[in-house]
1. Would you confirm, using the coordinates I've provided, whether residue 13 is among the hydroxyl-bearing types (Ser, Thr, Tyr) and outside any helix (DSSP H, G or I)?
2. Looking only at helices (runs of 4 or more DSSP H) that fall completely inside segment 19-135, which ones have 2 or more residues that are open to solvent by 10 Å² or more (accessible area, probe 1.4 Å) and of a type in the set (Ser, Thr, Tyr)?
3. Let me confirm something: among 208, 222, 168, which residue is out of contact with any Lys or Arg (no Cβ under 9 Å at 6 or more places or on another chain) and at pLDDT 95 or above?
4. Return the pair list, or none, for Cβ contacts closer than 9 Å from residues in segment 200-212 that are closer than 14 Å to residue 157 by Cβ to residues that are β-branched (Val, Ile, Thr), at least 6 apart or on different chains.
Amino acid sequence: MLAAFALVQAVRSWWLGPADDILLVADFGFVSGCYTASSDLCAIRAAGAALWSPFTYALLHGDWMHLGTNAIWMLAFGTPVARRLGTPRFLAFSVFGSLAGALLFFALNPALMEPVIGASGIVSALMGGACRFAFSRQMRHGRLEAHPPLLSIREALSDRTVLVFVVLFFLTNAVVGAGLGGFLGAPGAVAWEAHLGGFAFGFLLFRLFDPEPPAMRAAPDL
């Protein structure tokens, strides 16, 4: 996945000219306002952009620094999730995380015409999903189980480590949303709404993608 992000960024940086890059962002970035109104930007978009852009915006990044930041967080939180879910479930989880980020962004910014790009919705979904098992006491005490127990939502929010992480995540995004992201080293325009949408999806709905633990599978007939 990270290789795909890097390839797209390389093509944009070293192959496409400025005009073609603008068209690429217009066609594949997520533009909330194009679902509720029309503008010059909406007029130049491809006919199917409204269908695929809630997913493809995650492939685009503002610059290499933006990509690098998402890559670090994705490696940290995506690795345990990918190992637990396996490739097909991991990819499906990421796709729905991207969609969840776009949906909340649209709900809070239905008229915004500025394209949203970046994999932060996916990264946030991975963070939310990891909270349901990667911070368990077994993992913290060094007992690296192949399939650590999945915490219920109530159990996760009762765990001090998980609760502190969730609170810090929401506080950080609240600061960014208030326009104070510069104090945290964040760029001025951050789609924090997509972060929250992705995280809520990952945290609340991770169980739908979690495979059944091997020990709970029915033994085959002998």
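1. For residue 13, the condition - among the hydroxyl-bearing types (Ser, Thr, Tyr) and outside any helix (DSSP H, G or I) - is not met.
2. Values: elements: 40-44, 49-56, 64-85, 87-108, 120-130.
It comes to 64-85.
3. Answer to the check: 208.
4. Correct list of pairs: 203/153; 203/166; 204/153; 206/81.
For (1) modelled with pLDDT under 90; (2) closer than 20 Å to residue 119 by Cβ, each residue gets a yes or a no:
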site: 163; (1), (2): no, no
site: 174; (1), (2): yes, no
site: 188; (1), (2): yes, yes
site: 201; (1), (2): no, yes
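The values are calculated or read from the model by the stated rules, or taken from the named source; none is laboratory data. Keep in mind it's a predicted model, so treat the numbers as computed, not measured. Positions of Cβ are generated from backbone atoms using ideal geometry, with glycine treated the same way; all protein chains shown enter the neighbour counts. Surface accessibility is based on the protein's heavy atoms, side chains included, excluding ligands, DNA and RNA. Shrake-Rupley method; radii C 1.70, N 1.55, O 1.52, S 1.80 Å.
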